[in-house]
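As structure tokens, the structure follows; a few thoughts come after it.
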Amino acid sequence: MNNTTKDIVAKYGFRFTKSLGQNFLVDMNIVSDIVAGAGITKDDHVIEIGPGVGTLTEALLQAAGKVTAIELDSKLIPILEEELKGYDNFTLIHGDATKVDLEAIAKGDNIKLVANLPYYVTTPIITKLLNDQVKFHSLTIMIQKEVADRMNAGPGTKDYGSLSVLVQYYCDSRIIRSVPPESFIPRPKVDSTVIRLTKLDTPRAFVKDEELFFKLVRQVFNMRRKTLANNLKAMGYSKEFIEEALTKAGIDIKARGETLTVERFADLANTIKELGKGEDK
Ligand code: SAM
């Protein structure tokens, strides 16, 4: 354990804001594992979301070519400026990471994103990065264990859902390590996991109509105990169309959608797109 985080918090009399998910890392072994797990080198431009008092930021600054950090809490801005003033490869942005223009910050670099994120920010950021087609190399994040398990889950498991399909359509995922509550001040109530998502050069499966693909995926997991045939019925397709589409896609008429891999979801969405008609409504 290292006291740097605690020292800085004490030095500035910093008061934590619970609503901003402020749990700061105090275990330097975990800081090192995040930097190593993210595979940071001097060639990299790292964007860090939510630097806090800068504990992870400083380790990133030592490993990377340059680091841009985005912090929402105005109380942390002067602390970060003071503590990290010795680094000329550091840029600090005061703003909301869910709203800033990440493309403009990246300036064409193939960025590596690193973040220890509050729960409520995680899904909007990931959805923004993936759906808005922001160019990035990888995203290494510390998140609530349950959310990491959902991203990493395979078909037919209880954790497999829309988030798993979204993440796995665009990325390879790898769990770096688990992190217990005592690694932070104040201690969160939940266990955390560091997970790395590496963006694939092209999505995992060929999809003709991504809007239809994700609509199908959302429908399946909104009614996950139903059969795929019933999910499609709820989307407005006729019985005959559903039978034809499932047969053509080589999927059992009694199958549940939650058992489909990303590739099988793509096969089905592409078949529906090809058949092109059949909506009851
Ligand atoms: N990186 C530090 C660490 O590991 O010790 C702090 C992590 S703390 C879990 C999350 C940080 O994200 C806090 O500094 C918080 O103020 C910041 N934050 C919360 N919401 C944010 C948002 N929407 N945009 C940017 N930063 C945010």
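Let me have the relative contact order for segment 34-82, percent, based on Cα pairs under 8 Å that are six or more residues apart.
On the way: 61 pairs, mean separation 20.1, N = 49.
It comes to 41 percent, rounded to a whole number.
At V190 and Q133, where each label point lies 7 Å from the Cα along Cα→Cβ, what is the point-to-point distance in nanometres?
Reported label-point gap for V190 and Q133 is 3.2 nm.
Could you work out the local net charge near I93, counting Lys and Arg as +1, Asp and Glu as -1, over the other residues with Cβ closer than 14 Å to its Cβ? Mind showing how you got there, number by number?
Working: positive: K66, K99, K107; negative: E48, E71, D73, E81, D96, D101, E103.
Every neighbour counted, the sum reads -4.
Looking at the square roots a ≥ b ≥ c of the eigenvalues of the Cα gyration tensor of segment 79-198, which shape do they give, rounded for a/c under 1.5, prolate if a/b is larger than b/c, or oblate? Display every interim value, and only then the final one.
On the way: a/c = 2.18, a/b = 1.28, b/c = 1.70.
Note, shape of segment 79-198 comes out oblate.
Can you tell me how segment 183-233 classifies by the Cα gyration tensor, rounded, prolate or oblate, using a/c under 1.5 as the rounded cut?
In terms of gyration-tensor shape, oblate.
Using the Cα centre as the reference, give the magnitude of the dipole from point charges on the C-beta atoms of the chain (Lys, Arg: +1; Asp, Glu: -1; all else neutral), rounded to the nearest 20 debye.
Values: 38 positive and 38 negative charges, 180 e Å.
That gives a dipole near 860 debye.
Would you mind classifying segment 210-275 by shape? Square roots of the alpha carbon gyration tensor eigenvalues, ordered a ≥ b ≥ c; an a/c under 1.5 is rounded, otherwise it is prolate if a/b is larger than b/c and oblate if not. Please list the in-between numbers first.
Values: a/c = 1.22, a/b = 1.07, b/c = 1.13.
Since a/c stays below 1.5, the shape of segment 210-275 is classed as rounded.
May I ask you to list the aspartates and glutamates whose Cα is less than 16 Å away from that of K248, ignoring any residue fewer than eight positions away on the same chain?
Candidates past the 8-residue exclusion: E240, E263, D267, E274.
Show me the ranking of peptides 41-54, 198-211 by mean Cβ neighbours inside 10 Å, starting with the highest.
On the way: 41-54: 21.6, 198-211: 13.4.
Highest to lowest by the protection proxy: 41-54, 198-211.
Where the centre of each part is set by its Cα atoms, how far does segment 93-145 sit from segment 189-253, in angstrom?
So the separation of the two Cα centres works out to 25 Å.
Among the lysines, which have Cα under 28 Å from the Cα of K135 when same-chain residues fewer than 8 positions away are ignored?
Filter leaves K42, K66, K99, K107, K112, K145, K199, K208, K215, K273.
Taking 7 Å along the Cα-to-C-beta vector as the label spot, tell me the R15-S74 distance in nanometres, rounded to one decimal.
So the label points at R15 and S74 sit 1.5 nm apart.
Among the aspartates and glutamates, select those whose C-alpha is under 13 Å from the C-alpha of K18, and discard any that sit fewer than 8 residues away in the same chain.
The reachable aspartates and glutamates, counting only those whose Cα sits under 13 Å from K18, are D73.
Work out the charge dipole of segment 147-257 with +1 on the Cβ of Lys and Arg and -1 on the Cβ of Asp and Glu about the Cα centre, then indicate which of L216, S173, G161 is farthest towards its positive end.
G161
Computed FRET efficiency, Cβ-Cβ of E82 and E182, R0 22 Å: what is it to the nearest 0.05? Can you show the working numbers first?
Numbers: r = 28 Å, r/R0 = 1.27.
It comes to 0.20.
All of the numbers you see were taken from the coordinates with simple rules; none came from a lab. Because the structure is a prediction, the values reported are computed rather than measured. Glycine gets a Cβ as well: all are built from the backbone with ideal geometry, and neighbour counts include every protein chain shown.
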